[in-house]
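I have placed the structure first, in the form of structure tokens, so that the comments after it can refer back to it.
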Amino acid sequence: MIDPTILSRFPKIDPKTFEARLGRPGPSPRVIIDTDTANEIDDQYALAWSLLSPERMDLEGVTAVPFSFAHHREGLLESYDLIKQAEGKGDAERFMGGFGGWAKRLIEQGRTVDDVNFVGPAEGVELSYQEILRVFDKCGVSSEGKVFKGSPAYLESFDQPIDTPAARFIIERARAEDDRPLYVLAMGALTNIASALLMAPDIIEKIIVVWTASFPSYAPFCNEPSLNLVQDKLASQLLFESGVPHVYLPGYHVGAQLKISLPEMERFVSGQGAIGDYLHHLYTHNPLHDMFAITDAETKTWVIWDIINVAWLFDPDYVSTKIMPSPVLNDELYWEHPEGAHMMLEAFDLDRDAIFEDFYNTLKRAPKA
């Protein structure tokens, strides 16, 4: 748990206001999208859906989030070496280790761990920034004054927030003279948001963080498999303990339902303007297929995780939620449930077909290529 002296910096929101913050957004909600857009291909769908729906949200800006898969390298190398050492013993499967499937596919393709491009967070945030600009352009929407670079690293201390244009923009818009609260749709590591909260604790009274990551709060599993969570453990812990109103959208079991197939891409996405063609290109040239050495990709679906944030904002029937106590994320990345925790809104199910039907219909309005 976070040191109480850190948490004492944050104002306490009165229960009535807190309950209102966890209710449904009003018309034309103020929104910032905080996204690691170049991480894979799902954020581009979420951003495009938002940019093509100006009547449904007041999108004030988009902030680029760092990302990196470098934390996988050690485990992958261990599994790779175990399999190579077991070759010829007729029983290599049991030597695989935690990343065995990935390592085995690399070996079958004649590749090594050194062939995998593990970008660092500084490169990740730059790639995300450029990808955000690209999606704006493909949607025919001006990005001028709307896109901000985030942190080149992750939090190392609650006493050292990372001051970036993204964190400053979040603070500025949270403090804006507007009666409407600010919804921050968080689609990656929480570094930018945590830094903004640590730099300006008062904004806790004006924002609602809508974050997708990991397992439901009632799950007994370690949350380490969640990329959004594990990259910045301190920022993840701060979300659940700071007292900021937040909507938690678990990726596993909930967001994981948002799978899309190649035939759907060809039928409903390809040909829908420049952005439709670009999203189709991303699907058929998914960088994670190469990274994870996935074969026969055309027969497999892909999860478009992060459209769950936009779906929750757009329609109460798309994502089923319930009010429940916010958990605490311990240092081993398991959930704990101390008494007296503030409340949060958590998703437990979604309507996959309705969400994608809405997305496909929105794409029909995209500017022609």
(request) Evaluate the following for ARG9: is it open to solvent by 10 Å² or more (accessible area, probe 1.4 Å) and under 22 Å from ARG180 (Cα atoms)? (result) no
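Go through segment 238-260 and count every residue that is in contact with a strand residue (DSSP E or B) (Cβ under 8 Å, 6 or more places away or on another chain) and open to solvent by 10 Å² or more (accessible area, probe 1.4 Å). So that I can check it myself, show each step before the final result.
Start the filter on segment 238-260 by keeping residues that are in contact with a strand residue (DSSP E or B) (Cβ under 8 Å, 6 or more places away or on another chain), which leaves 239-241, 244-251, 254-260.
If we keep only those that are open to solvent by 10 Å² or more (accessible area, probe 1.4 Å) too, we end up with 241, 256-257, 259.
Here the count works out to 4.
Is it the case that LEU313 is touching a residue at least 24 places away in the same chain (Cβ under 8 Å), surrounded by 13 or more Cβ atoms within 10 Å (Cβ to Cβ) and assigned to a loop (DSSP other than H, G, I, E, B)? Break it down into steps so the answer makes sense when it comes.
On the way: touching a residue at least 24 places away in the same chain (Cβ under 8 Å): yes; surrounded by 13 or more Cβ atoms within 10 Å (Cβ to Cβ): yes; assigned to a loop (DSSP other than H, G, I, E, B): no.
Considered against the rule, which asks whether it is touching a residue at least 24 places away in the same chain (Cβ under 8 Å), surrounded by 13 or more Cβ atoms within 10 Å (Cβ to Cβ) and assigned to a loop (DSSP other than H, G, I, E, B), LEU313 comes out as no.
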(request) Taking ARG267 as meeting all but one of (1) surrounded by fewer than 18 Cβ atoms within 10 Å (Cβ to Cβ); (2) in a strand (DSSP E or B), write down the number of the exception. (result) (2)
(request) Could you check PRO161 against (1) assigned to a helix (DSSP H, G or I); (2) surrounded by 18 or more Cβ atoms within 10 Å (Cβ to Cβ) and say which number it fails? (result) (1)
(request) Any residue in segment 172-191 that's at pLDDT 95 or above: show its pairings with residues that are open to solvent by 30 Å² or more (accessible area, probe 1.4 Å) and aromatic (Phe, Trp, Tyr) at Cβ separation under 9 Å, as long as the two are six or more apart or on different chains. (result) MET187/TRP305; ALA189/TYR154; THR191/TYR154
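Within segment 165-219, track down each residue that is assigned to a loop (DSSP other than H, G, I, E, B), touching a Ser or Thr at 6+ places or on another chain (Cβ under 9 Å) and closer than 27 Å to ASN330 by Cα.
Quick first cut of segment 165-219, residues assigned to a loop (DSSP other than H, G, I, E, B) only: 175-181, 188-190, 200, 206, 213-219.
If we keep only those that are touching a Ser or Thr at 6+ places or on another chain (Cβ under 9 Å) too, we end up with 180, 188-190, 213-215, 217.
Those that are assigned to a loop (DSSP other than H, G, I, E, B), touching a Ser or Thr at 6+ places or on another chain (Cβ under 9 Å) and closer than 27 Å to ASN330 by Cα: GLY188, ALA189, LEU190, ALA213, SER214, PHE215, SER217.
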(message) Within segment 54-79, take every residue that is assigned to a helix (DSSP H, G or I) and open to solvent by 30 Å² or more (accessible area, probe 1.4 Å) and give me the one that is nearest to GLY110 (Cα to Cα).
(response) LEU77
(message) What's the number of the only condition in (1) at pLDDT below 95; (2) under 19 Å from the mean Cα position of the chain (by Cα) that ASN223 fails to meet?
(response) (1)
(request) Spot the failing condition for ASP358; the list is (1) loosely packed, with under 14 Cβ neighbours inside 10 Å; (2) under 21 Å from the mean Cα position of the chain (by Cα); (3) over 15 Å from HIS253 (Cα atoms), and only one is missed. (result) (1)
(request) Mind listing just one residue for me: the one in segment 21-47 that is basic (Lys, Arg) and more than 14 Å from GLY61 (Cα to Cα) and, of those, surrounded by the most Cβ atoms within 10 Å (Cβ to Cβ)? (result) ARG21
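Does GLU298 satisfy the criteria of being outside any loop (DSSP other than H, G, I, E, B) and crowded, with 21+ Cβ neighbours inside 10 Å? Reasoning before the result, please.
Working: outside any loop (DSSP other than H, G, I, E, B): yes; crowded, with 21+ Cβ neighbours inside 10 Å: no.
So GLU298 does not fit the description; no.
The values are calculated or read from the model by the stated rules, or taken from the named source; none is laboratory data. Just so we're clear, the structure is a prediction, and the values are computed from it rather than from any experiment. Using ideal geometry, Cβ is built from the backbone for each residue, glycine included, and neighbour counts are taken over all protein chains shown. Note: accessible area is taken over every heavy atom of the protein model, side chains too, but ligands, DNA and RNA are not part of it. Shrake-Rupley method; radii C 1.70, N 1.55, O 1.52, S 1.80 Å.
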